[in-house]
Amino acid sequence: MEEYPFQAIEEKWHLKWNESGLGRVQEDPAKPKYYCLVMFPYPSGSNLHMGHVRNYTIGDVIVRYKLMQGFNVLSPMGWDAFGLPAENAAIKNGIHPHEYTRNNIAVMTRQLKALDLIYDWSRELATCDPEYYRWTQWLFLQFYQAGLAYKKKNPVNWCDTCKTVLANEQVIEGACWRCKQPVGKRDLEQWYLKITDYAQRLLDDLAKLKKWPERVRTMQENWIGRSEGVEFKLRIDGTQRDLEVFTTRIDTVFGVTYVSVAPEHPILTELLACKPEGTLVAEFAEKVKLESEIERASTAKPKQGMDTGLRAINPATGEKIPVYAADYVLMEYGTGAIMAVPAHDQRDFDFARAHGLPVKVVIRPEDRDLDPAGMTEAFVADGVQVRSGAFDGLPNRAAMTKIAEWMEQQGIGRRVVNFRLRDWLISRQRYWGCPIPIVYCQKCGQVPVPEDQLPVTLPLDLTYQASGMLESSEAFVKVPCPRCGQPARRETDTMDTFIDSSWYYLRYASPRDANRVFDPTAVNYWMPVDQYIGGIEHAILHLLYSRFFTKFLHDRGLLPFDEPFAALFTQGMVLKDGQVMSKSKGNTVAADEMVGRFGIDTTRGFILFAAPPERELEWVDQGVEGIFRFLRRVYLFYQRWQEAVRPAGAAIPADLGETDRQLRRKTHQTIRRITEDLDQDFKFNTAIAAMMELVNALTGLPEPGAAGAPHPAVMRESLDALARLAAPFFPHLGEELWAMLGGAESVFKQPWPRHDQAIAAEELVTVVVQVNGKVRSRLELPPRTPSAEVERLALADERVAALAEGRKPKKVIVVPDKLVNVVF
RNA sequence: GCGAGGGUGGUGGAACUGGCAGACACGCUAGACUUAGGAUCUAGUGCCUUUGGCAUGCGGGUUCAACUCCCGCCCCUCGCACCA
């Protein structure tokens with residue numbers, strides 16, 4: 001049996017590439033650069049599975065393609081190495097997180113290297129390395145100096161399983177993003193980064209990210225959650241205190257029948273201190289606080305609330321209305337208090353019905369008025385103002401502006417913009433993270449660690465314990481105050497690991513620079529990232545944080561650009577039995593097993609061919625052999641032809657026969673198709689299909705030397721192109737095919753093939769003949785046959801004539817080179 | 001509820017600005033070569049009542065022509081969700 005010795009071929013090129021180091025790059029102003037980055041992994045220590053392989057292969061195909069297009073390609077790899085799993089493993093197995101992480105990095109490095117992916121390993125970095133986190137700390141100090149890193153006491157998300165606080169972005173449906181356990185609230189003093197200062201720019205600049213998926217941009221837009229409205233004050237009757245509310249529907253202000261405040265709103269404790277309601281409200285607030293995030297956020301649950309006994313005065317109408325404490329009002333958003341308009345807000349409507357509060361209609365549909373008693377739901381659509389004083393009769397959209405202006409003139413309220421985005425809580429009560437470079441001194445207070453004393457090193461000689469590990473290290477905690485020299489204490493919280501990953505793409509430009517966070521020349525050469533590749537799960541978290549960091553550094557004058565990733569590609573996940581392939585689900589297909597059976601090229605090819613890369617891929621091994629057979633067919637074909645097509649450089653004669661012309665056409669069409677597929681959204685699956693079509697055409701031809709066999713120079717042209725086209729997808733085979741054709745240097749140093757439009761053009765086109773829109777016949781015509789001629793030929797067609805039954809056509813439509821439709 | 005994406009043969013998936021639906025594969029069927037076939041090669045393969053008819057989630061519409069455009073539904077995936 002003829003063989004395709006894939007193991008020997010892959011082994012051979014594995015060794016050659018290791019020697020030549022294809023991935024190693026330097027800044028070269030003479031060459032156009034291309035920075036291709038796959039999101040760096042957390043070194044989990046599990047074996048690489050098909051999900052990983054898909055991820056890295058997508059990046060690798062792009063890297064190899066861009067190399068062949070003549071770009072100076074940067075493709076680095078590193079490790080998002082801090083994090084909780086290392087601590088959990090330490091508790092379970094008694095291995096120090098540092099050792100655990102280092103071991104995992106070693107294991108994963110070996111596995112990645114076995115896949116022969118192109119990386120510049122000389123730039124490898126790990127966020128847990130003091131030479132890296134020194135600059136993470138330096139960046140924290142930049143935020144601190146700019147007043148954007150601050151500490152405050154606030155109710156925060158607390159995961160009791162992970163024993164740490166979480167950022168808003170890390171709470172998914174009320175549960176911890178990592179361990180999926182419900183998240184509670186705690187009042188704690190914590191460090192924050194003031195990302196809210198950048199809310200508007202983070203929103204506006206989404207428009208610049210034209211090469212990002214729409215989906216991700218929308219998710220960020222929703223997360224930032226900008227809303228325009230009016231903030232105004234209501235005097236609390238009988239006091240000198242005002243209650244401030246925020247509304248996006250100021251047009252409904254004449255329909256306010258009560259106000260709702262968050263149960264924990266400070267005005268309640270203040271004004272009810274000595275009243276009987278005070279105790280009841282406090283009890284209610286306590287009850288609400290105990291509810292988990294999930295319970296409180298559930299829209300299905302009936303809204304709870306109670307009358308506080310306080311009365312507020314609506315500045316628009318002068319009416320006195322009750323103040324309710326209600327669990328559906330959130331202290332964190334707006335002012336923590338709302339004006340309630342039951343007639344025009346469903347939540348207020350539900351609450352009013354449950355508590356017997358009045359409903360006042362102030363906006364009616366165009367054609368009729370509404371009777372509050374007959375309403376079963378709030379009227380939230382646009383309409384016309386009624387019972388709204390001077391604004392009656394206006395369309396409500398117009399009234400919105402008018403009322404806001406009136407309130408501003410009267411000094412009652414003002415127009416404001418609110419964001420849903422919260423400041424980024426970055427403290428973590430964990431050991432295995434980047435220490436926050438702050439010292440607390442009795443005399444000087446909060447003191448940042450001076451830059452020349454960085455890094456604040458994580459002590460490694462500790463016995464691991466479940467919590468409070470850093471606090472227990474006297475050597476770490478007890479330090480002299482950097483300012484006054486008196487005994488002081490270090491901050492023992494570490495930073496959220498998302499801080500580490502918010503700037504790593506910058507460090508790759510100059511990973512060994514010991515004096516600076518990055519070398520400006522190198523960063524300016526490589527950045528921004530031309531193509532970023534990663535999972536959709538980072539659509540908000542990592543991608544929003546990285547954009548924030550870049551904008552901040554831009555404002556500090558450290559970067560000339562203010563968006564880090566020019567193009568983003570989110571690859572689909574690999575599923576098995578309907579679930580994401582992951583170690584914890586136990587449904588993985590191991591990479592090394594697949595590679596052992598079929599080789600790297602087949603494994604890559606199968607993953608790339610099975611589905612478009614952005615789509616989810618349900619793993620079924622059936623079909624792997626299809627790719628294997630294809631690669632074998634290609635290899636055997638080159639074996640049969642390699643002697644006949646050598647040496648290179650034989651001229652292609654001008655007077656070729658039909659077979660040769662067809663082969664050249666197919667070759668040039670394939671070059672065109674694959675190049676287009678790679679350029680538009682990485683359509684690897686159809687690119688491979690195009691390659692298969694070419695191979696099907698080739699293998700259908702007579703053998704070398706046989707009668708009717710293609711001209712060797714023409715075959716040479718095909719095989720030369722095919723070797724290059726195949727190389728990014730099937731790198732080992734690509735190199736081998738190139739060598740079989742006599743190529744001395746690596747195929748990846750060869751230019752990407754170009755098609756010739758004239759050769760790719762068809763000599764005859766099929767024009768479909770339709771009668772009343774149904775295909776009845778076909779014509780083979782030279783391209784650009786005049787419409788009149790096409791019409792004549794169509795009408796002369798015997799099938800058409802038969803269907804005509806003597807009638808004259810009502811209409812004939814000709815689409816040049818495509819179709820003719822005869823309508824009777 | 002809001003937002004985004006999706007629904008095409010037995011399966012994964014193709015189809016440019018509306019112009020031959022099902023490329024390319026998998027699987028299946030038959031045949032060849034074989035002691036053998038889970039190897040390889042060849043042919044066939046959307047469905048049906050086959051000079052034709054019906055088919056791209058369902059129902060309408062626009063058009064000479066609709067997977068593609070418009071209107072109304074259904075289902076699936078993801079994100080956000082009492083944000084005032």
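The values are calculated or read from the model by the stated rules, or taken from the named source; none is laboratory data. Predicted, not measured: the structure shown is a model, and the values here were computed from it. Note that we place each Cβ from the backbone using ideal geometry, even for glycine, and neighbour counts take in every protein chain shown. Just so you know, the surface numbers come from the protein's heavy atoms only, side chains and all, with ligands and any DNA or RNA stripped out. Shrake-Rupley method; radii C 1.70, N 1.55, O 1.52, S 1.80 Å.
Note on A:H96: accessible area approximately 30 square angstrom, rounded to 10, probe 1.4 Å, nucleic acids and ligands left out. For chain A, the dipole from Cβ point charges (+1 on Lys and Arg, -1 on Asp and Glu) about the Cα centre works out to 500 debye, to the nearest 20.
Per-residue packing, averaged as other Cβ atoms within 10 Å, sorts the ranges A:642-655, A:420-433 into the order A:420-433, A:642-655, beginning with the highest.
In nm, what is the difference between 0.36 nm times the number of residues separating A:R387 and A:K12 and their Cα-Cα distance? Numbers along the way, then the final one.
Numbers: separation 375, 0.36 × 375 = 135.00 nm, distance 8.50 nm.
Between A:R387 and A:K12, full extension yields 126.5 nm more.
Using the Cα coordinates of region A:448-526, the gyration tensor eigenvalues translate into equivalent-ellipsoid semi-axes of 30, 18, 10 Å, sorted from longest to shortest.
Using only alpha-carbon positions, what ratio does the radius of gyration of region A:282-400 give when scaled by 2.2 N^0.38 Å?
Numbers: Rg = 15.9 Å, N = 119, 2.2 N^0.38 = 13.5 Å.
Relative to the rule-of-thumb radius for its length, region A:282-400 sits at 1.18.
Apply the a/c threshold of 1.5 to the C-alpha gyration tensor of region A:509-558 and tell me whether it is rounded, prolate or oblate. Present the calculation step by step, with values, prior to reporting the outcome.
Working: a/c = 2.19, a/b = 1.62, b/c = 1.35.
The shape class here is prolate.
Each Cα pair under 8 Å and six or more residues apart adds its separation to the average, and for chain A the resulting relative contact order is 14 percent. On a C-alpha basis, how far is the centre of region A:674-748 from the centre of region A:534-584 in Å? Whole number, if you could? First find each Cα centre; the distance between them is then 35 Å. Diffusion coefficient (Stokes-Einstein, Kirkwood radius over C-alpha pairs, 25 °C, 0.890 mPa s) for region A:721-824: 145 µm²/s, rounded to a whole number.
Which sequence of A:C159, A:C274 reflects their accessible areas, 1.4 Å probe, from the largest down? Walk me through the intermediate numbers first.
Details: A:C159 0, A:C274 135 Å².
Output order, biggest surface exposure first: A:C274, A:C159.
Against the criterion of solvent-accessible heavy-atom surface with a 1.4 angstrom probe, A:R664, A:R604, A:R178 sort, most first, into A:R178, A:R664, A:R604. The relative contact order of region A:97-190, computed from alpha carbon pairs under 8 Å that lie at least 6 residues apart in sequence, is 21 percent. Is the C-alpha gyration tensor of region A:145-292 telling us rounded, prolate or oblate? Criteria: a/c under 1.5 is rounded; beyond that, a/b larger than b/c is prolate, otherwise oblate. Here region A:145-292 falls in the oblate category. From helices alone, chain A scores -11500 deg cm²/dmol at 222 nm; the rule is -39500 (n - 2.57) for each run of n ≥ 4 DSSP H residues, then divide by the residue total. Distance from the alpha carbon centroid of region A:809-824 to that of region A:612-626 works out to 42 angstrom. Name the residue farthest towards the positive end of the dipole of region A:123-203 from the options A:Q170, A:Q142, A:W191, assuming +1 on Cβ of Lys and Arg, -1 on Cβ of Asp and Glu, about the Cα centre. Ranked along the dipole, the leading option is A:W191. Taking only protein heavy atoms and a 1.4 Å probe, the accessible area of region A:1-98 is 50% carbon and sulfur. Annotation note: GluC sites (Glu not before Pro) in region A:25-121 located in DSSP loop regions with a Cβ neighbour count of at most 11 within 10 Å are absent.
If the chain linking A:D513 and A:V815 were pulled fully straight, counting 0.36 nm for each residue of separation and taking away their Cα-Cα distance, it would gain 102.4 nm. Straight Cα distances below 16 angstrom link A:K478 to the lysines A:K443, with same-chain residues fewer than 8 positions distant left out. State the percent of C-alpha pairs, over all pairs in region A:630-723, separated by a distance greater than 19 angstrom. Tail of P(r) above 19 Å: 40 percent of Cα pairs. Among all the lysines, which ones have a C-alpha under 26 Å from A:K683's C-alpha, if same-chain residues fewer than 8 places away are not counted? Within the straight-line limit of under 26 Å, A:K683 reaches these lysines: A:K33, A:K66, A:K113, A:K208, A:K210, A:K211, A:K576, A:K666, A:K749, A:K818. Kirkwood hydrodynamic radius of region A:637-691, from the reciprocal of the average inverse Cα-Cα distance over all distinct pairs: 13.3 Å. To check you understand DSSP bridge types, tell me what percent of the beta bridges within region A:763-824 (both residues inside) are antiparallel, rounded to 5. Once the DSSP bridges in region A:763-824 are tallied, antiparallel ones form about 75 percent. Partners of A:K301 within straight-line reach, counting lysines whose Cα lies under 25 Å from its Cα and excluding those fewer than 8 residues away in the same chain: A:K180, A:K185, A:K287, A:K289, A:K360. At the residue level, A:K180 shows approximately 140 square angstrom of accessible surface with a 1.4 angstrom probe and all protein chains present.
Counting other Cβ atoms within 10 Å, keep those with at most 11, restrict to DSSP loop, and tell me which trypsin sites (Lys or Arg not before Pro) in region A:469-561 are left. Provide the component values of the computation, followed by the final result.
On the way: sites: A:K478, A:R483, A:R489, A:R490, A:R507, A:R512, A:R516, A:R547, A:K551, A:R556; in loops: A:R483, A:R512, A:R516, A:R556.
Qualifying residues, ordered by number: A:R512.
Taking 0.36 nm per residue of separation and subtracting the current Cα-Cα distance, fully stretching the chain between A:A713 and A:Q486 would add 73.3 nm. Find which of A:L290, A:P155, A:P213 sits farthest along the positive direction of the dipole of chain A, computed with +1 on the beta-carbon of Lys and Arg, -1 on that of Asp and Glu, about the Cα centre. About the Cα centre, the residue reaching furthest to the positive side is A:P213.
Starting from a Cα-only point model with no solvent, please compute log10 I(q)/I(0) by Debye for region A:38-162 at q = 0.20 1/Å. Summing over Cα pairs of region A:38-162 leads to -1.17. When a/c is below 1.5 the answer is rounded, else prolate if a/b is larger than b/c, else oblate, so apply that to chain A with a ≥ b ≥ c taken from the square roots of the Cα gyration tensor eigenvalues. Since a/c reaches 1.5 but b/c is at least a/b, the shape of chain A is classed as oblate.
Can you tell me what share of the DSSP beta bridges in region A:705-824 is antiparallel? A percent to the nearest 5 is fine.
Working: 12 of 16 bridges.
Taking every DSSP beta bridge within region A:705-824, about 75 percent pair in antiparallel fashion.
Of the whole protein surface, A:D369 contributes about 80 Å² of accessible area at a 1.4 Å probe radius.
Along the axis of the charge dipole computed for region A:61-113 (Cβ charges of +1 for Lys and Arg, -1 for Asp and Glu, origin at the Cα centre), the listed residues A:L67, A:A90, A:N103 are led at the positive end by A:L67. Here the Debye sum runs over all C-alpha atoms of region A:763-824 as equal scatterers in vacuum, and log10 of I(q)/I(0) at q = 0.22 Å⁻¹ comes out as -0.77. Contact order for region A:352-433, expressed relative to its length and based on alpha carbon pairs under 8 Å spaced 6+ residues apart, stands at 17 percent.
Only beta bridges with both residues in chain A are counted; by DSSP, about 75 percent of them are antiparallel. Restricting the trypsin sites (Lys or Arg not before Pro) of region A:609-641 to loop positions (DSSP other than H, G, I, E, B) with no more than 16 neighbouring Cβ atoms within 10 Å leaves A:R615.
The distance linking region A:44-119 with region A:322-399 is 55 Å (Cα centroid to Cα centroid, whole angstrom).
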